[in-house]
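One structure is given here, and the rest of the page talks about it.
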Amino acid sequence: MKSPQALTLIVALVFSVAIYFLASNGVFELTSISVAIVAFVCAFIAPLVGKAETNAEAADASITTLYVGNLPYRANEAAVRELFSEYGQVQSVRLMKDKHTGKRRGFGFVEISAVDADKAVSSLNDSEFQQRTLKVREAKERPEQGAE
């Protein structure tokens with residue numbers, strides 16, 4: 001369910017039906033206090049349910065990893081993050097280094113929101129960054145080590 005207003009309406013309807021059946025079966029008398037309780041529940045509980053759904057949707061928001069090649073060796077994570085943040089929300093930047101020397105290898109990976117990834121690729125691929133022509137594309141999954 002996408003709309004918090006629709007969710008609030010459904011919760012209010014369920015509570016209203018429950019109160020009606022409880023009152024008609026003599027469990028309690030339908031008074032202005034019981035109506036106030038229903039209104040309180042609808043006003044405060046339903047939005048909490050809507051927030052839980054919104055948080056679940058936010059957790060499901062996908063992230064795309066982009067390969068960035070032909071980076072200048074002097075480029076750092078902050079500079080690459082700043083470049084990509086013009087096109088969307090950047091989650092992380094990893095610039096690869098040689099494990100023996102510790103020097104940058106001229107490529108890395110940027111995790112960016114999936115909705116912004118295509119815009120970043122189309123804008124930044126073959127563009128110039130610190131006097132180098134970048135190669136930007138969606139990263140491929142790395143094959144499992146030891147897989148045959």
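The values are calculated or read from the model by the stated rules, or taken from the named source; none is laboratory data. What you see is a predicted model; the values in this text were computed from it and never measured. Using ideal geometry, Cβ is built from the backbone for each residue, glycine included, and neighbour counts are taken over all protein chains shown.
Could you give every pair whose Cβ atoms fall below 8 Å, whose first residue belongs to segment 122-145 and is touching a residue at least 60 places away in the same chain (Cβ under 8 Å), and whose second residue is among the acidic types (D, E) and part of a strand (DSSP E or B), counting only separations of at least 6 or pairs across chains?
What qualifies is L134/E128.
For segment 29-148, please list each of the helices (runs of 4 or more DSSP H) lying entirely inside it that holds at least 2 residues being surrounded by 12 or more Cβ atoms within 10 Å (Cβ to Cβ) and modelled with pLDDT of 90 or more.
Correct list: 77-85, 114-124.
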